[in-house]
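Notes to accompany the following structure.
The values are calculated or read from the model by the stated rules, or taken from the named source; none is laboratory data. No experiment lies behind these values; they were computed from the predicted model shown. So basically every Cβ, Gly included, is an ideal-geometry build from the backbone, and we count neighbours across all protein chains shown.
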Amino acid sequence: MKIKKAIIPAAGLGTRVLPATKAIPKEMIPIVDKPAIQYIVEEAVRSGIEDILIITSRGKSAIEDHFDKMPELEQKLAAGGESKKKLLDDVIASSQLANITYVRQAEQKGLGHAVLQAKQFVGREPFAVMYGDDVIIGEDPCIGQLIRAYEETGMSAVCMKEVPKEDIQKYSSMKVEPIKDNLYRITDMIEKPKPGQEFSAFSILGRCVLPPEIFDILEEIPYGAGGELQLTDAMKVIANKQGMVGVDFTGTRYDMGNKFGVLKAAIEVGLDHEEIGEELRKYIKELSKNL
Ligand code: UTP
């Protein structure tokens, strides 16, 4: 079955980026000239996704405004003629990327709980999950790599990377067996392992393709690490029962949920940016002389 639907959980409190995220959703923090969540929506669209549900919460209406039409702004830019044409095109494009709808998560009870809010939207078909604070940039869109792995193996798929051993306790840890190339079979997993509980340094990072049974599991399992309903705990049940494939994906991931990730994204994407890349390169070279 073709994957046509994606959900983007973006309802978290973003406490690691406070005070910036007091009034601005972390998913709206810009990387140069586009908010993080637009990169994610564009990745979905490049991968053949047509319908997107964004899970939001109180104080996150800027996300809805961003993907909406803005007639007054468009008229103003149109009146500016040729010099404003590129800006006008960019503004219009951001409101026409996909069919985007929204649902609210009333209480921040964890990623699993956020995903559960998408039950009606998804129905009984497989779907993609793209974490709203994980931007992944690359030639081959990351969620497209997972969709191909799902189509090839018939199994749920997660994108994963090896993280530094000392950091694994902040992430999840996967038990893996190589299948071929960058594909691994995942047989077990644990969220935020305590020392000695980790299976490997491979961790799920920000994207997965899941079957609709995930909702039945989320409704049954108890709350887990940090008192939150953990998506990893439900995925573990799928991995044990149906098998799951891990894709050691190509692309660069920026964690927009922490301050250093936000800066790294701005610098690296800035260096590749056609308008400001050269200027930024010169600036960094000059600056580094005094570092
Ligand atoms: P995180 O755990 O990184 O988000 O979840 P958070 O809770 O906002 O982070 P901190 O620890 O307070 O800084 C990954 C993704 O899942 C969403 C977040 O918005 C983020 O995109 N999420 C998390 C929800 O939608 N609902 C939740 O209850 C938790």
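Is it true that Ile55 is within 10 Å of the ligand (Cβ to nearest atom) and at negative phi? Steps first, please.
Numbers: within 10 Å of the ligand (Cβ to nearest atom): yes; at negative phi: yes.
Criteria met by Ile55.
Exactly one of (1) closer than 30 Å to Met1 by Cβ; (2) assigned to a helix (DSSP H, G or I); (3) polar (S, T, N, Q) is unmet by Gln75. Its number?
The one condition Gln75 does not meet is (1).
Could you check region 88-133 and list, in sequence order, the residues that are of a type in the set (Asp, Glu), under 22 Å from Ser57 (Cα atoms) and either surrounded by 15 or more Cβ atoms within 10 Å (Cβ to Cβ) or touching a residue at least 60 places away in the same chain (Cβ under 8 Å) (or both)? Let's see the steps before the verdict.
In the first step, residues of region 88-133 are kept if they are of a type in the set (Asp, Glu); the result is 89-90, 107, 125, 133.
Add one more test, that the residue is under 22 Å from Ser57 (Cα atoms), and what stays is 107, 133.
Correct list: Asp133 only.
Could you tell me how many of the residues in region 181-211 are assigned to a loop (DSSP other than H, G, I, E, B) and more than 19 Å from the chain's Cα centre (by Cα)?
Within region 181-211, the subset assigned to a loop (DSSP other than H, G, I, E, B) is 181-182, 192-201, 211.
Pick out the ones that are also more than 19 Å from the chain's Cα centre (by Cα) and you get 181-182, 193-201.
Total meeting the criteria: 11.
Within region 129-148, restricting attention to residues that are within 15 Å of the ligand (Cβ to nearest atom) and either over 11 Å from the mean Cα position of the chain (by Cα) or part of a loop (DSSP other than H, G, I, E, B) (or both), which residue is nearest to Gly246 (Cα to Cα)?
Per the criteria, the residue is Tyr131.
Exactly one condition in (1) crowded, with 16+ Cβ neighbours inside 10 Å; (2) in a strand (DSSP E or B); (3) in contact (Cβ under 8 Å) with a residue 40 or more places away in the chain is not met by Ser173; state its number.
All conditions are met except number (3).
Matching residues to (1) at pLDDT 95 or above; (2) under 13 Å from the mean Cα position of the chain (by Cα); (3) part of a strand (DSSP E or B):
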{"residue": "Lys2", "(1), (2), (3)": "no, no, no"}
{"residue": "Ala11", "(1), (2), (3)": "yes, yes, no"}
{"residue": "Ile40", "(1), (2), (3)": "yes, yes, no"}
{"residue": "Ile52", "(1), (2), (3)": "yes, yes, yes"}
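Matching residues to (1) within 15 Å of the ligand (Cβ to nearest atom); (2) not in a strand (DSSP E or B):
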{"site": "Glu166", "(1), (2)": "no, yes"}
{"site": "Glu177", "(1), (2)": "no, no"}
{"site": "Leu218", "(1), (2)": "yes, yes"}
{"site": "Asp233", "(1), (2)": "yes, yes"}
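In region 1-29, which residues are in contact (Cβ under 8 Å) with a residue 40 or more places away in the chain and away from the ligand (no atom under 14 Å from the Cβ)?
Selection gives Met1, Lys2, Ile3, Lys4, Lys5.
Buried (at least 16 other Cβ atoms within 10 Å of the Cβ), within 22 Å of Glu275 (Cβ to Cβ) and away from the ligand (no atom under 12 Å from the Cβ): which single residue out of Glu82, Glu42 fits that description?
On the way: Glu82 fails: buried (at least 16 other Cβ atoms within 10 Å of the Cβ).
One residue alone meets the criteria, Glu42.
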